[in-house]
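The values are calculated or read from the model by the stated rules, or taken from the named source; none is laboratory data. Just so it is clear, the structure is predicted and the values come from calculations on it, not from any experiment. Here Cβ is always computed from backbone atoms with ideal geometry, including for glycine, and neighbour counts include all displayed protein chains.
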């Protein structure tokens, strides 16, 4: 497959398309084990039947604008409650501002979609993705993507090693720039490198989103068709400011919205016992 411009780096990946539907189905299947584990935990902890426990989890996710898989992950990561309040004495922090949204946004999917769109504009490309670090496994899970083929999306849905730019960015806690995928030692001659080249991508930058203490919460990557491409200092400066904002917001979301949802599930489950 040979492509010559970023505008050509596209695939039938619009909402409602067959490709998107297939990706969504596969993503749902990948999240099923996590949801099943969390469901079993809720059943056992509160002595509920499966249907009641699932309805409670679903309601908690919907009320707090969360994906069910995000709520399930929170249930599995958080320390078990020791009383009627799961997180007694917790102080709810104010939502951090995001310069790229016009109003306060606590919907993670919408906020991260806006973040990726503005990053692509800054980096002068239409192709890229955003991955979130899974606190359960330490792997990167694809959260948002733009103009990437179904094959590429499925292949990189979960990245669990550091042989790719995004994986290296997590391990090193710093940005990784690959000017030519065909010549890059970690990628050249690998299945991952082949997938990237088949997508028409020759240059990549991957930037980790870091919170206080250097903990990585996500990685945003942009893809370019021209070998040798490298972002300008001004572009990287803008990217770093956007990444810092979004990392702070993601940390707030995990410590506030997700915990609110867990508190809701806990409170309602105690009432059903």
Next item on the list: Considering (1) surrounded by fewer than 20 Cβ atoms within 10 Å (Cβ to Cβ); (2) assigned to a helix (DSSP H, G or I); (3) free of Cβ contacts under 8 Å to residues at least 60 places away in the same chain, say which one residue 228 fails and leave the rest.
Entry: (2)
Note to self: Is it the case, given these coordinates, that residue 115 is under 30 Å from residue 148 (Cα atoms), part of a helix (DSSP H, G or I) and in contact with a helix residue (DSSP H, G or I) (Cβ under 9 Å, 6 or more places away or on another chain)?
What the structure shows: yes
Margin query: Given the criterion modelled with pLDDT under 95, out of contact with any strand residue (DSSP E or B) (no Cβ under 9 Å at 6 or more places or on another chain), more than 22 Å from residue 249 (Cβ to Cβ) and exposed (fewer than 15 other Cβ atoms within 10 Å of the Cβ), identify the matching residue among 22, 35.
Written below: 22
Item checked: Scope the stretch 69-83; condition in a helix (DSSP H, G or I) and surrounded by fewer than 18 Cβ atoms within 10 Å (Cβ to Cβ); matching residues -> 76, 77
Next item on the list: With respect to residue 110, determine if the residue is assigned to a helix (DSSP H, G or I) and under 18 Å from residue 250 (Cβ atoms).
Entry: yes
Next item on the list: Out of 164, 168, 137, 158, report the one residue that is in the same structural domain as residue 195 (by TED's automatic domain parsing), free of Cβ contacts under 8 Å to residues at least 60 places away in the same chain and more than 19 Å from residue 188 (Cα to Cα).
Entry: 137
Item checked: Residue count, the stretch 43-59 (criterion: surrounded by 15 or more Cβ atoms within 10 Å (Cβ to Cβ) and not in a helix (DSSP H, G or I)) -> 1
Check: assigned to a loop (DSSP other than H, G, I, E, B) and closer than 22 Å to residue 35 by Cα: does that describe residue 136?
Finding: yes
Note to self: Take the conditions in a loop (DSSP other than H, G, I, E, B), within 20 Å of the chain's Cα centre (by Cα) and either outside the structural domain of residue 148 (by TED's automatic domain parsing) or farther than 18 Å from residue 144 by Cβ (or both) and apply them to residue 66. Does it pass?
What the structure shows: yes
Note to self: Which condition from (1) on the phi > 0 side of the Ramachandran plot; (2) within 18 Å of the chain's Cα centre (by Cα) is the one that residue 134 breaks?
What the structure shows: (1)
Next item on the list: Mind listing just one residue for me: the one in the stretch 156-204 that is part of a helix (DSSP H, G or I) and surrounded by fewer than 18 Cβ atoms within 10 Å (Cβ to Cβ) and, of those, nearest to the chain's Cα centre (by Cα)?
Entry: 171
Check: In the stretch 115-138, how many residues are at pLDDT 95 or above, closer than 28 Å to residue 78 by Cα and either out of contact with any strand residue (DSSP E or B) (no Cβ under 6 Å at 6 or more places or on another chain) or surrounded by fewer than 18 Cβ atoms within 10 Å (Cβ to Cβ) (or both)?
Finding: 1
